[in-house]
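Following: one structure in structure tokens, then a few remarks.
The values are calculated or read from the model by the stated rules, or taken from the named source; none is laboratory data. No experiment lies behind these values; they were computed from the predicted model shown. Positions of Cβ are generated from backbone atoms using ideal geometry, with glycine treated the same way; all protein chains shown enter the neighbour counts. Calculation scope for accessible area: heavy atoms of the full protein, side chains included, ligands and nucleic acids excluded. Shrake-Rupley method; radii C 1.70, N 1.55, O 1.52, S 1.80 Å.
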Amino acid sequence: MKPGRILVVFLAALLVTPWFSAAQATPDDQQLSVLLITVDNLRPDRMSVYGHFRDTTPNLKKFARESLVFENAFSTSAWTAPGMVSIFTGYYPPVHAQHGRFSYYDDDMASALKVLADSGYEILGQAIRGPSHQGFGFQKILGKKPDRLQSFIEARVDDPTPFFAWAHLTDVHLPYDPSPLSAGLFDADRRSNAALEAVRKHRVILRHPERVDVKFDHAGKVEFDNEDIPVVRALYDAEVVDVDARLGRYLARMRETGLLERTIVILSADHGEELFDHGWLGHASTGYDAKLYDELIRIPLIIR
């Protein structure tokens, strides 16, 4: 679907669209479940299913043949909490008030998850505790460690209870540390220096660490040169290959067990990622600088 921009507040809309209502009953009168998989800071333009020149998402390309692929979907935020709460509630950040790391959602407000719960759905989330995930309807934690989504899929095979489940994968988040096999595909391991080692080891790389009062781990002062940029992008692309392989395994298992045919699967992201498009990488510094370029807020959206 190409025309226009779709702001991803789709769960609320999903519940009132005629096609979802008509699809509530499968041939055996079983309600369809909903599985939302979000991949942290996954950029659509680095996915071959969206036309990237590297074959980073072969499994999702196959999955897309039987899905709706939206080409102009946008998050409401450049970082996780506000973007995800917009997805769960249908509200913009100024309304749901998730504007900071410790903002709470008013549990007196309506949300799509509460509507599903009232309709008999079990509501499970990757994270349900803490200020960013309370108040809008989660009931249980998704699956068991070390692989919550895999354990969840196995547990639902013979359970007919309709569910809404959210799985959030952080494979593509900094640090960019892909498997050796994927890194070798794009020569992502061809160069090493202090800046690239920071990319491979740290979750946050701030452009101006001296100007930001942060309590979390970050790389400190890092300086890149022009030759580092293609290596950073290759590292990111290799991580996309890794998460595509993981998603391929999940979807294959759902198909084998029949779970796929009674579940609406939604694949998306919380926000994008800057890869030196405007001078830096990641999303923390760009957010602090109040920039919302397309690379930070354009996200994939695939619905089967």
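Percent relative contact order of the chain, based on C-alpha pairs within less than 8 angstrom and at least six residues apart?
Numbers: 589 pairs, mean separation 84.6, N = 304.
Relative contact order here is 28 percent.
From the coordinates of this entry, Kirkwood radius over Cα pairs in Å is computed, and it appears in (1) 21.3; (2) 25.1; (3) 20.0 under the label (3).
When its C-alpha radius of gyration is set against 2.2 N^0.38 Å (N residues), region 222-304 gives a value of 1.42. Peptide packing: for 237-250, 118-131, the average count of neighbouring Cβ atoms within 10 Å per residue gives the ranking 237-250, 118-131, highest mean first.
Measuring with a 1.4 Å probe in the full set of protein chains, what accessible area per residue, in whole Å², belongs to the chain?
Details: 13660 Å² over 304 residues.
Computed with neighbouring chains in place, this is 45 Å² per residue.
Of all aspartates and glutamates in the structure, those lying under 14 Å Cα to Cα from K144, and not within fewer than 8 positions of it along the same chain, are E154.
Per atom type, the chain shows carbon and sulfur on 53% of its accessible surface, probed at 1.4 Å. Packing here is the average count of other Cβ atoms within 10 Å per residue, and on that basis the peptides 109-115, 74-80, highest first, run 74-80, 109-115.
The Cα atoms of region 63-206 define a convex hull whose projected area, averaged across directions, is 12.0 nm².
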